[in-house]
């Protein structure tokens, strides 16, 4: 075993789990990054992956790997930066133990994340959300499950990982109906569910009782649904919903879009941004501020409040030209 392999083994088996207690999702993301990096270096250098050591790492090769993610794998800049974070996390931990490679590691740690414009926040309008909820055929158990899943996500704004991890014990009915989950950063939270969502979930659980396992949203054999399975089911229902609501065709809708939709619905209802941050499980309101920028109604209200007192609120519309009016008769 070479020194890089030993460093990786110590990081993932001892440091990440026992000392840092990183979440399974974080560990999996870091693991996949290093697996792709070592594979890329092996292919580039023409050597077996087992021979990739610290000597194979330098700034140019790491940067070439990050460029490869963007160009060959069509990853976004955000994904590129997340992969860089994974590389730096392991190397930062390894640096004190391998002083002979400290100079190379220091230069790699100095590679900055790539700057990029933030994408426009995508969310569904009320009509689009209704069309999506109507898409699953509720004549089958799968359709009932998908309808319940979409309804719960649009109303609660749970992350995909949180949806996948829900069990039948995660949801509580009666007074103060809510769903509980452990989200990012191991923050535990309870999210209220409305009477309409309660009715949908109650009907779904009456059907769910015939399936094995305890996953709230499960497959035919009771197994927990994966992220890919959720995105696949969403894509199927989007195709149906787009026929009813053509505006969906212009949007890139993912499961995370439903989370944005929940936040925008809360904002439109006048809920304070700090409460929305708690609702979504954000550590602070910085992440939630993006919804303020996306809400044109809030910006229009700000414009209306700055108008002169004798000016009627609303968008400006010029008086019709009399000649144009006569020509239209």
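FRET efficiency for the pair residue 306 and residue 126, taken as 1/(1 + (r/R0)^6) with r the Cβ-Cβ distance and R0 = 22 Å, rounds to 0.20. Helix 296-305 and the long axis of the chain differ in direction by around 60°, with both axes built from C-alpha atoms.
Taking other C-beta atoms within 10 angstrom as a stand-in for reagent exposure, 240, 175, 33 fall in the order 175, 240, 33, fewest first.
For 36, 201, what ranking results if the residue with the fewest other Cβ atoms within 10 Å of its Cβ goes first?
Fewest to most other Cβ atoms nearby, the residues stand as 36, 201.
Sorted on the mean count of surrounding Cβ atoms within 10 Å across their residues, most packed first, peptides 95-101, 44-50 read 95-101, 44-50.
Helix 59-71 and the longest principal axis of the C-alpha atoms of the chain enclose an angle of approximately 40°. Structural size metrics of the range 43-186, computed from C-alpha coordinates, are Rg and Dmax of 22.8, 66 Å. Helix 195-208 axis versus longest C-alpha principal axis of the chain: approximately 50°, rounded to the nearest ten. Measuring max minus min along each principal axis, the C-alpha atoms of the range 126-301 give extents of 50, 38, 29 Å (largest first). Overall, the ratio between the Cα radius of gyration of the range 3-109 and 2.2 N^0.38 Å, rounded to two decimals, is 1.02. Between 149, 69, 166, the residue with the greatest mean-square fluctuation in the GNM of the chain (Cα pairs under 10 Å linked by springs) is 69.
Once the C-beta distance of residue 63 and residue 173 is scaled by a Förster radius of 56 Å, the resulting FRET efficiency is 0.55 to the nearest 0.05.
Taking the highest mean first, how do the peptides 114-121, 125-132 order by number of other beta carbon atoms within 10 angstrom per residue? All intermediate terms of the calculation are to be shown ahead of the outcome.
On the way: 114-121: 10.0, 125-132: 18.0.
Output ranking for 114-121, 125-132: 125-132, 114-121.
What residues of the range 76-94 lie in the reach of a label at residue 15, counting those whose backbone N is under 18 Å from a point 7 Å from the Cα along Cα→Cβ? Flagged as within label range: 83-94. Using the Cβ-Cβ distance between residue 182 and residue 244 with R0 set to 41 Å, the FRET efficiency from 1/(1 + (r/R0)^6) comes to roughly 0.70.
No value in this document is a laboratory result; all are computed from the given coordinates. Since the structure is predicted, the reported quantities are computational estimates derived from the model, not experimental observations. Here the Cβ is made from the backbone with ideal geometry for all residues, glycine too, and neighbour counts use every protein chain on show.
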